[in-house]
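S.K.: Pasting a structure here, questions to come.
The values are calculated or read from the model by the stated rules, or taken from the named source; none is laboratory data. What you see is a predicted model, and the numbers here were worked out from it, not measured in a lab. Cβ: placed from backbone, ideal geometry, glycine included. Neighbour counts: every protein chain shown. Side chains are part of the model used for accessible areas, which takes the heavy atoms of the whole protein and leaves out ligands, DNA and RNA. Shrake-Rupley method; radii C 1.70, N 1.55, O 1.52, S 1.80 Å.
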Amino acid sequence: MDEELWELSVERTHCQGSGVCVSLAPGHFTLRDGRADPVQRLVEAEEAILEAAETCPMEAVFVRGSTSGRQLAPPE
Amino acid sequence: MTTSLSPDLARLADPAVRPDPYGVLRTLREASPYTDPASGIVVVGRRSDCEAVLRNPKVSSDRQGSGITTVPQMPNLMNLDAPDHTRLRRLAGKAFKPRLVQQWRPRIEEIVRELLTDMAAGENTADLVSAFAYPLPVRVICDMLGVPREDHPVFEKWARSIAYTVDPQLVPGRLSIEVVQEVEEARAGFVGYFGRLIAERRHTPRADVLSELISAEEQGDQLTESELIITCILLLVAGHETTANLILNGILGLLRHPGQLRLLRERPELAEAAVEEVLRYDAPAQMITRIAREPFTIGDTPVTPGTPLLVLLAAANRDPDVHRDPDTFDISRGDPGHLGFAAGPHFCLGSVLARLEGSIALNAFAQAFVEPRLDAESLRYRPHVAVRGPDRMRVSFEEIRVDAVRVTGTSERSVASRG
């Protein structure tokens, strides 16, 4: 794995506000008006973020490589 | 710990309250948060408090040995905490993602049409519990798991027994030795059954969820044999009782509110909103329990480590602070979300499937049944407290128009599962 930053996004039209991502990666996601939002768009790589994206029941949380644009989660 | 209860809390378990627990739930919500003096259980009923507890990392789902559930539990997705819970959920969740679940839509519609056809062939009355709402999710989850049709009846019995394991202990001794024996019997039955099925699928994988669970892998990590079995049981039971009750509580809501039934018939695009309203107004999952792991407060109520918490989802869903006219069944309300699937790390794993099955079933009921009438005398509720739904519900009708139910396509899945 290279050292690129990760870009976090939440598809707000899919998000149901379950808060699974907030529970698994509390520093990286927060609930705003009943929907999840990344706290910061660009972050350093961290396993908990992949866990959050992969356990989202709606597949609304996306993690991409910031320079490559490669989707790291959820699996395509 | 929970050797006795104050009367208000004990009333929740009273069979006489089962047809309409919402008066008791309202009383409990308005008094909450508070510590039940007799049992030490902290009662949580307001929407904001329930959400805060469910999302609080100081709260645990590991209730084993806490005395709040009577039936001994196995470690599973519902009673584990991170990191074990995260690992299991990540692996098991793969099979229930929106993209995968949507592929089952044609198969679900096909099953609905089968059931409607069977009912249409009989007399102009049917018990929608045994003829519609239970067989639908059982057939769907069994097809998904790859369980042959002839094995379904025994699964229904086992699943029904296992559903007792999520009930909080509200009345000491309420769960008889027989119930505990039934649960043990069901558990042993499932373990033996799934053990054999898993061995078969390992040898010859098929296009089913079980084969996907077996091969699901995360960085070299796989579900172990016993995790696979326990996850199968959980998916079957959770995807069965609750979905059936979602459908039944929904049909009951529509029958009791003819204007809403008419609205859904005229506007089938409201089917998904109708499911959301059922999950709010009369949720299958009425309450869940938690244990405090570290000290915290809910409002002014201090919670010490080891304290059991009773989170009244169904009370929170009618909190007037969040929902206008909370006791009104209105499929077009478009309110902020409910807690019908809970919240936080244990948010329902099968929500996408439940919503899909629920919307197809409610819409099918609205479109196909001509002049449906509830036989109010027939209505009986299941004894479970945490999972709420009818045990018997006869509906009479003039006709069932199976063709009124839209079919969106052929199912590749159904062909594969029969292969």
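S.K.: Which residues, counting only those in the stretch B:319-339, are farther than 19 Å from A:T13 by Cα and away from every other protein chain (no Cβ under 11 Å)?
M.R.: Scanning the stretch B:319-339 gives B:D319, B:P320, B:D321, B:H323, B:R324, B:D325, B:P326, B:D327, B:T328, B:F329, B:D330, B:I331.
S.K.: Out of all the residues in the stretch A:34-53, which are charged (D, E, K, R) and either open to solvent by less than 20 Å² (accessible area, probe 1.4 Å) or part of a strand (DSSP E or B) (or both)?
M.R.: The first filter runs over the stretch A:34-53 and keeps only residues charged (D, E, K, R), leaving A:35, A:37, A:41, A:44, A:46-47, A:51.
Hits for the stretch A:34-53 are A:R35, A:D37.
S.K.: Does B:R87 count as within 13 Å of B:A244 (Cβ to Cβ) and open to solvent by 40 Å² or more (accessible area, probe 1.4 Å)?
M.R.: Values: within 13 Å of B:A244 (Cβ to Cβ): no; open to solvent by 40 Å² or more (accessible area, probe 1.4 Å): yes.
No, not satisfied.
S.K.: Can B:D321 be described as open to solvent by 10 Å² or more (accessible area, probe 1.4 Å) and at pLDDT 95 or above?
M.R.: In short, yes.
S.K.: Failed condition for B:V147, given (1) at pLDDT 85 or above; (2) in a helix (DSSP H, G or I); (3) hydrophobic (A, V, I, L, M, F, W, C), with all others met?
M.R.: Result: B:V147 fails condition (2) only.
S.K.: Hey, another quick one. Could you tell me whether any residue of the stretch B:344-365 is closer than 30 Å to B:A38 by Cβ and open to solvent by less than 10 Å² (accessible area, probe 1.4 Å)? Step through it out loud before you land on a result.
M.R.: Taking the stretch B:344-365 and keeping what is closer than 30 Å to B:A38 by Cβ, we get B:344, B:346.
Restricting the remaining residues to those that are open to solvent by less than 10 Å² (accessible area, probe 1.4 Å) gives B:344.
Within the stretch B:344-365, one or more residues are closer than 30 Å to B:A38 by Cβ and open to solvent by less than 10 Å² (accessible area, probe 1.4 Å).
S.K.: Right, A:L8: away from every other protein chain (no Cβ under 14 Å) and open to solvent by less than 20 Å² (accessible area, probe 1.4 Å) or not? Reasoning before the result, please.
M.R.: Numbers: away from every other protein chain (no Cβ under 14 Å): yes; open to solvent by less than 20 Å² (accessible area, probe 1.4 Å): yes.
So A:L8 fits the description; yes.
S.K.: Let me ask something else about it. So in the stretch B:23-35, with the set limited to residues that are in contact (Cβ under 8 Å) with a residue 40 or more places away in the chain and farther than 11 Å from B:L312 by Cα, which one is most open to solvent (accessible area, probe 1.4 Å)?
M.R.: The initial filter retains those residues of the stretch B:23-35 that are in contact (Cβ under 8 Å) with a residue 40 or more places away in the chain, namely B:25-26, B:28-29, B:32-35.
Next cut, farther than 11 Å from B:L312 by Cα only: B:34-35.
Values: B:Y34: 48, B:T35: 63 Å².
Here the answer is B:T35.
S.K.: What tally of residues in the stretch A:11-33 results from selecting those that are open to solvent by less than 40 Å² (accessible area, probe 1.4 Å) and in a loop (DSSP other than H, G, I, E, B)? First the steps, then the outcome.
M.R.: Taking the stretch A:11-33 as the starting set, the residues that turn out to be open to solvent by less than 40 Å² (accessible area, probe 1.4 Å) are A:15, A:17-25, A:28-29.
Adding the requirement that they be in a loop (DSSP other than H, G, I, E, B) leaves A:15, A:17-19, A:25, A:28.
So the count comes out to 6.
S.K.: Of all the strands (runs of 3 or more DSSP E) wholly in the stretch B:261-314, which have at least 3 residues that are within 21 Å of the chain's Cα centre (by Cα)?
M.R.: Values: elements: B:288-292, B:296-298, B:301-303, B:308-311.
Strands (runs of 3 or more DSSP E) meeting the threshold: B:288-292, B:308-311.
S.K.: Considering the stretch B:182-195 alone, what residues qualify as being modelled with pLDDT under 85 and loosely packed, with under 13 Cβ neighbours inside 10 Å?
M.R.: none
S.K.: Can you find, within the stretch A:59-76, the residue that is surrounded by the fewest Cβ atoms within 10 Å (Cβ to Cβ) among those that are within 18 Å of A:P26 (Cα to Cα), touching a Ser or Thr at 6+ places or on another chain (Cβ under 9 Å) and not β-branched (V, I, T)?
M.R.: Taking the stretch A:59-76 first, the residues within 18 Å of A:P26 (Cα to Cα) are A:59-63, A:73.
If we keep only those that are touching a Ser or Thr at 6+ places or on another chain (Cβ under 9 Å) too, we end up with A:60-63.
Checking which are not β-branched (V, I, T) leaves us with A:60, A:62.
Working: A:A60: 23, A:F62: 18.
In this case the residue turns out to be A:F62.
S.K.: Just give me the residues in the stretch A:14-28 being in contact (Cβ under 8 Å) with a residue 40 or more places away in the chain and more than 8 Å from chain B (Cβ to nearest Cβ), in sequence order. Quick ask: steps written out before the conclusion?
M.R.: So in the stretch A:14-28, the residues in contact (Cβ under 8 Å) with a residue 40 or more places away in the chain come out as A:14-16, A:18, A:21.
Those that are in contact (Cβ under 8 Å) with a residue 40 or more places away in the chain and more than 8 Å from chain B (Cβ to nearest Cβ): A:C15, A:C21.
S.K.: Suppose the filter is touching a Gly at 6+ places or on another chain (Cβ under 7 Å), open to solvent by less than 10 Å² (accessible area, probe 1.4 Å) and within 30 Å of A:E54 (Cα to Cα); does B:A386 pass it?
M.R.: It is false that B:A386 is touching a Gly at 6+ places or on another chain (Cβ under 7 Å), open to solvent by less than 10 Å² (accessible area, probe 1.4 Å) and within 30 Å of A:E54 (Cα to Cα).
S.K.: Could you please let me know if B:S396 is crowded, with 20+ Cβ neighbours inside 10 Å, polar (S, T, N, Q) and either in contact with a strand residue (DSSP E or B) (Cβ under 8 Å, 6 or more places away or on another chain) or more than 11 Å from chain A (Cβ to nearest Cβ) (or both)? It would help to see each step written out before you state the result.
M.R.: Details: crowded, with 20+ Cβ neighbours inside 10 Å: no; polar (S, T, N, Q): yes; either in contact with a strand residue (DSSP E or B) (Cβ under 8 Å, 6 or more places away or on another chain) or more than 11 Å from chain A (Cβ to nearest Cβ) (or both): yes.
No.
S.K.: Considering the stretch A:50-76 alone, what residues qualify as being among the charged types (D, E, K, R) and either more than 9 Å from every other protein chain (Cβ to nearest Cβ) or more than 11 Å from the chain's Cα centre (by Cα) (or both)? Give the derivation first.
M.R.: The first filter runs over the stretch A:50-76 and keeps only residues among the charged types (D, E, K, R), leaving A:51, A:54, A:59, A:64, A:70, A:76.
Residues satisfying the conditions are A:R64, A:R70, A:E76.
S.K.: OK, next. Does any residue in the stretch A:29-51 that is without any contact (Cβ under 8 Å) to a residue 24 or more places away in the chain come within less than 7 Å, Cβ to Cβ, of a residue that is part of a strand (DSSP E or B) and open to solvent by less than 50 Å² (accessible area, probe 1.4 Å) six or more places away or on a different chain, and which pairs are these?
M.R.: A:T30/A:D37; A:V39/A:F29; A:V39/A:T30; A:L50/A:V63; A:L50/A:L72; A:L50/A:A73
S.K.: Among the residues of the stretch A:29-49, which ones are more than 9 Å from chain B (Cβ to nearest Cβ), of a type in the set (A, V, I, L, M) and closer than 20 Å to B:R87 by Cβ?
M.R.: Answer for the stretch A:29-49, where residues must be more than 9 Å from chain B (Cβ to nearest Cβ), of a type in the set (A, V, I, L, M) and closer than 20 Å to B:R87 by Cβ: A:A45, A:I49.
S.K.: Looking for whichever is open to solvent by less than 20 Å² (accessible area, probe 1.4 Å), over 30 Å from B:D330 (Cβ atoms) and in a helix (DSSP H, G or I) here; the options are B:I198, B:I251. Which one fits? Please lay out each step first, then the result.
M.R.: On the way: B:I251 fails: over 30 Å from B:D330 (Cβ atoms).
Selected residue: B:I198, the only one of B:I198, B:I251 that is open to solvent by less than 20 Å² (accessible area, probe 1.4 Å), over 30 Å from B:D330 (Cβ atoms) and in a helix (DSSP H, G or I).
S.K.: What do you reckon, is B:S332 assigned to a loop (DSSP other than H, G, I, E, B) and hydroxyl-bearing (S, T, Y)?
M.R.: yes
S.K.: Okay, moving on. With the structure loaded, tell me whether A:G34 is farther than 18 Å from B:K94 by Cβ, small (G, A, S) and under 12 Å from the mean Cα position of the chain (by Cα) or whether it fails that test.
M.R.: Values: farther than 18 Å from B:K94 by Cβ: yes; small (G, A, S): yes; under 12 Å from the mean Cα position of the chain (by Cα): no.
In short, no.
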